[in-house]
Amino acid sequence: MAAAPPRPAGRLLPRARVPAAAMGLGGRGPGAAALGLYGALAALVLLAVRDVLLLYEENRCSMTYMYEYPEYLKIKLPKKISRRYPAYELYLYGEGNYAEENKNLLLTGIPVLFLPGNAGSYKQVRSLGSIALRKAEDIDFKYHFNFFSVNFNEELVALYGGSLQRQTRFVHECIKVILKLYKDHEFAPSSVAIVGHSMGGLVARALLTLKNFKPELINLLITQATPHVAPVMPLDKYLTDFYTAVNNHWILKAQGIRNLTILSVAGGFRDYQVRSGLAFLPRSSQHNSALSVVSSAVPRAWASTDHLSIVWCKELILATIRAFFDLIDENTKQITDDPKKRLSVLNHHFVKHPAKLYAENPETLTELTGAFIWIKIKTSKWNYTVYNESDGKYFTFPLASHRKSYSHVHCQNSMLDTSSWIYGCVNSNSSVCLEGVDLSWKAELLPTIKAVTLKLQEYPFLSHLVVHVPSTNGNKFTLDCEFFQEDSRTVKLPVTHLFSFGRKHSIYRLHVPWSHEDSITVSKVPSLAEISAKLHIAQPENDSSVAVLNIYSSSYCQYEVTIKTSFLQVLGQLIRFHGGTLPVYVISNILLAYGGQLNTLISTGQCSDFALVLSRTARPYKVEPALNIITFLLGFAWFKDVWDALFLPEMDTAVLNNQDVWFPLVSLVLFFFGTGIAFWGGILFSSSLRLLSSLWLALTRPSGLPKDSRLVTPKRSCVTILLVFISWTTCGAFAILIIYLHYLFKVVKLHVNVRAEQKVLNAAPKHSKETSNNANKELIKNCCSVDRSGEAAKSLATSAVADEVVNGFNMHVTVIILLTWIMLLSFPSLIYWIKNLRYNIRLDPDPCRPMAIILVPTLGILMNSSTTKVKSSKLLKIAAQFPLPLSVAVVAFGPMHLYRPAPLFSMWKTVFLIFFTMLTLWGLVKGAPLRPEEKWKPLDNPRNRDLFFRTLQAYFSGRDLRKFPGTFSLNNGSKPVTFYLDPIASAFADYEERKNSFPKYLRG
């Protein structure tokens, strides 16, 4: 076949294949539509995060102050316990004279143990201890409490679950030590009350799971912002297993803990670390001594708290201490053993406060005596303002005339004392009532009033309603009473659709009846008040009640109530409930992008940029339909049996659906959010690489493009063995961090070399043009043709190497972006290990150790591989099929177990690299990395053309082409192949444009 005429020498320098735009080397990146789409997704995520972190009510909590300097007396523990738990300590709180008196540990009070939470300090007990001390002083120390506190060394137990079991066992030992301090006391306690903040509350509940723990050692447990339902961030197996064990025991062994009374207080919307829905205790029909409330609904507090202020919020601490003193049994001088009384006291202080002092058995009938004026009121609406009156009055409302027209009566009083103020007369025909039923216990304390609403049908035995106005001395207050028909005051309105952005105007009342999460807003009249009707827990399936808004004000005021749906607050609720699962969806998108890169490597021989391939491959229809089909099939018994036979875990989406916090669109929206985060995360990471490489170029001189080398060398093997040894003897996350930094260093260095070589290639055409003129003259004279061929081949080899390095760089960037997320998810255990190095150099248990042992050798091979080696693997087509099912598996099993995606990725890469390395070694033993027919034919396949191109490059590399004749033969153990250098060089110069005509330059 005739050779094509030689081209000018200037054309022998091929145009370098364009690196990704994210590398800063030019080229085509994601289009404007993709940038707009992912920009909009990122904006929605930021707006949702803003709603969670910034848009909440102001802090209405008052600070708790100590009147004397707080002191913490360290309790000496038995040597056996101190050696077993060297990092933990037990303290007794005290102030002033009280602290001095207790230094000899002759305690006579009621023991209360405080357990700090995640990274919490034992000194957080001071708010409870100080107010309890002041309260005891007010009653001349008739009763008092001794507050103990445990020092957990501020461990990150919310992120690392390996120490939760150890903390639980230590608390058990502390309880036994505390009770021994009272053994010679006349009223020695047999149990300890516990107050647990954050994860401390979960540790207290876990005491019941210990085999040798006696449930009677604790009779009261109060938790503050404790995530009881599930971990906020399920980052390791030990954490999720701990939750499973505690909650299963709570439900299955409910009979054994029926004497334990537990109160859980959530922080409300200000607490964005632990959403209040997680703080509601698991419900059990056999255990009815559990109570869950939100701080915004607690009487006399009515304030949302953040995760830390809940331990010092004065309003909440006062409610807690009042409850403690009301729980004391006068006979035993300890907390009462009656679970019904304990629950009654907690309801009084934390659910519905009638503006009266707690009484266990309040008197129902009261004598109405005294020289008071009796006034009869016949109207249905009544308002009375008291100012500086000296004589008291009784206002009577006959009920017989109102029963036919009205269903309810409502009264409210702005005088916030604790005396009785409203009564019901029984069958009285006279103008006065000598004895009445005290209805003040039916009232409810609100921020500025105490109010009572009675259903007349429930009190058929009452003839009159009596409102008592006591004698006042300069006090001003108002009373309002009104009879009304409930139907005329109630309008049921559906919430407007999410995307309707519409409004409906009416007058209505709103209230959440299925949980204690009411929020109260106080505003002046006239004014405009906005109330966010956001729920902390979903409505139970068997509950048909609806939310109601109760407006307490004068009956003469008019209100316009507008209900509308806030799109941004809906997004905020989505992030509040499911923001912790976003890393799973980000990793799922990265896996899809990595699979797209492997597929383009097969089809075109090129590896696309991460941002570009993500915009092409990250599609929810690749993941969501598979999840929905599996969920549907799991409803059939035969498929469930097959699923269990394969030892597959339960799908996290099914568990979330059972908790009533999941609906079909959630996963789809989170997938889009994950795509936006992955896209802009990749852009940010690439920009950081560009910045680092610029600093490197400014400080050092690049060493040139890396040459292809062996995957496994003695030096690399030693480094890998050393890192595996480090992960086994110290901390797996530490070894992962080292290999991550090593990988990052190699990628930055690779980026520096590519940028430097790109500058050389961009400067080459000027020199090439001068060479071209001389080359044409020599061509006419038929001289130096071999020199021209040599220059062409050298230029060809340099450009080809740069092109291959850019492909490898794009692949490594995707891997290291994925590794970044794995590193972030394993970071908590690393921080825990660093904080506890002085106690033990080895982290035990270590959730990252198995993953590190797999990941370190895998990354050691992967970081030294190139796209040339990857493309030569026979397993590439098989490996390219794995990212998609892995992406589905990550979303199916990762939302409630964030530690699962990393091992899945590690195992997949390990299997691929093991086979890849074995095939490579086998090829080296046989003397040929690929069979000859795979190299040379058929050339209409882009992959084979690319392999042919690389083979020639490898053959020419390092050879003096001036010694070659115009033609030469290459025998690779098969049929000889003859090459003509000039036509080959010309073809390589226009390789991108002339791929289809490539076969005509091959002879043999």
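The values are calculated or read from the model by the stated rules, or taken from the named source; none is laboratory data. Source: prediction; values computed, not measured. Because the Cβ atoms are built from the backbone with ideal geometry, glycine has one as well, and the counts that use them run over all protein chains shown.
Odds and ends about this structure:
- Hits in segment 70-113 (condition: on the phi < 0 side of the Ramachandran plot, out of contact with any helix residue (DSSP H, G or I) (no Cβ under 7 Å at 6 or more places or on another chain) and assigned to a loop (DSSP other than H, G, I, E, B)): Lys76, Pro78, Pro86, Ala87, Leu106, Leu107, Thr108, Gly109
- Filter pass, Leu263 being over 19 Å from Ser532 (Cβ atoms) and touching a residue at least 40 places away in the same chain (Cβ under 8 Å): yes
- Within segment 279-324, considering residues that are in a strand (DSSP E or B) and touching a strand residue (DSSP E or B) at 6+ places or on another chain (Cβ under 6 Å), the one modelled with the lowest pLDDT: Ala290
- Pairing each residue of segment 463-483 that is assigned by TED's automatic domain parsing to the domain that holds Ala371 with any residue that is among the acidic types (Asp, Glu), provided the two are 6+ apart or on different chains, yields C-beta distances under 7 Å for Ser471/Glu389; Ser471/Asp391; Thr472/Glu389.
- Test: Lys381 is surrounded by fewer than 16 Cβ atoms within 10 Å (Cβ to Cβ), of a type outside the set (Asp, Glu) and touching a residue at least 60 places away in the same chain (Cβ under 8 Å): yes
- Considering Leu634, Leu656, Leu612, Leu646, the condition of being out of contact with any His (no Cβ under 6 Å at 6 or more places or on another chain) and more than 26 Å from Thr240 (Cα to Cα) is satisfied by Leu612 alone.
- Residue tally, condition touching a helix residue (DSSP H, G or I) at 6+ places or on another chain (Cβ under 9 Å) and not in a loop (DSSP other than H, G, I, E, B), over segment 643-676: 18
- Scanning segment 803-847 for residues that are surrounded by 22 or more Cβ atoms within 10 Å (Cβ to Cβ) and of a type in the set (Lys, Arg) yields a count of 0.
- Among the residues of segment 364-378, those identified as surrounded by fewer than 14 Cβ atoms within 10 Å (Cβ to Cβ) and more than 60 Å from the chain's Cα centre (by Cα) are Thr369, Gly370, Ala371, Ile373, Ile375, Lys376.
- For segment 265-285, residues that are polar (S, T, N, Q) and buried (at least 24 other Cβ atoms within 10 Å of the Cβ) total 1.
- Selection from segment 29-65 of residues that are assigned to a loop (DSSP other than H, G, I, E, B) and closer than 17 Å to Phe679 by Cβ: Gly29, Pro30, Gly31
- Looking across segment 579-607, the residues that are closer than 17 Å to Lys877 by Cα and either touching a Pro at 6+ places or on another chain (Cβ under 6 Å) or not in a helix (DSSP H, G or I) (or both) come down to Leu591, Tyr594, Gly595, Thr604, Gly605, Gln606, Cys607.
- Qualifying residue in segment 400-416 (condition: without any contact (Cβ under 8 Å) to a residue 24 or more places away in the chain, assigned by TED's automatic domain parsing to the domain that holds Asn475 and within 56 Å of the chain's Cα centre (by Cα)): yes
- Just so you know, in segment 549-565 the residues that are under 31 Å from the mean Cα position of the chain (by Cα) and within 29 Å of Ile449 (Cβ to Cβ) include one that is surrounded by the most Cβ atoms within 10 Å (Cβ to Cβ), and it is Ile563.
- Any hit, segment 653-666, residues being under 18 Å from the mean Cα position of the chain (by Cα), surrounded by 12 or more Cβ atoms within 10 Å (Cβ to Cβ) and at pLDDT 85 or above: yes
- Leading residue by the ranking (farthest from Pro70 (Cα to Cα)) among those in segment 126-141 that are in a helix (DSSP H, G or I) and without any contact (Cβ under 8 Å) to a residue 60 or more places away in the chain: Asp138
- Considering Ser401, Ser344, Ser405, Ser419, the condition of being part of a helix (DSSP H, G or I) and polar (S, T, N, Q) is satisfied by Ser344 alone.
- Test: Leu346 is more than 23 Å from Asn259 (Cβ to Cβ) and outside the structural domain of Trp441 (by TED's automatic domain parsing): no
- Only one of Ala158, Ala188, Ala193, Ala225 that is without any contact (Cβ under 8 Å) to a residue 60 or more places away in the chain, in the same structural domain as Ala323 (by TED's automatic domain parsing) and small (Gly, Ala, Ser): Ala188
- Candidates Gly200, Gly129: the one that is over 23 Å from Asp337 (Cα atoms), out of contact with any helix residue (DSSP H, G or I) (no Cβ under 6 Å at 6 or more places or on another chain) and either buried (at least 23 other Cβ atoms within 10 Å of the Cβ) or not assigned by TED's automatic domain parsing to the domain that holds Gly94 (or both) is Gly200.
- Residue match in segment 325-332 (condition: surrounded by fewer than 16 Cβ atoms within 10 Å (Cβ to Cβ) and either within 21 Å of Met415 (Cα to Cα) or touching a strand residue (DSSP E or B) at 6+ places or on another chain (Cβ under 8 Å) (or both)): yes
- Within segment 48-70, residues that are of a type in the set (Ser, Thr, Tyr) have Cβ atoms under 6 Å from residues that are surrounded by 14 or more Cβ atoms within 10 Å (Cβ to Cβ) in these pairs: Tyr56/Phe269; Tyr56/Arg270; Ser62/Lys314; Thr64/Ser127; Thr64/Trp312; Thr64/Lys314; Thr64/Ile317, counting only partners at least 6 apart in sequence or on another chain.
- Unmet criterion (only one of (1) modelled with pLDDT of 90 or more; (2) out of contact with any strand residue (DSSP E or B) (no Cβ under 8 Å at 6 or more places or on another chain)) for Thr418: (1)
- Residues located in segment 471-492, provided they are more than 25 Å from Phe372 (Cα to Cα) and touching a strand residue (DSSP E or B) at 6+ places or on another chain (Cβ under 9 Å): Phe484, Gln485, Glu486, Arg489, Val491
- Hits in segment 862-903 - residues which are within 30 Å of Leu656 (Cβ to Cβ), modelled with pLDDT under 80 and either buried (at least 20 other Cβ atoms within 10 Å of the Cβ) or in contact with a Phe, Trp or Tyr (Cβ under 6 Å, 6 or more places away or on another chain) (or both): Pro901, Ala902
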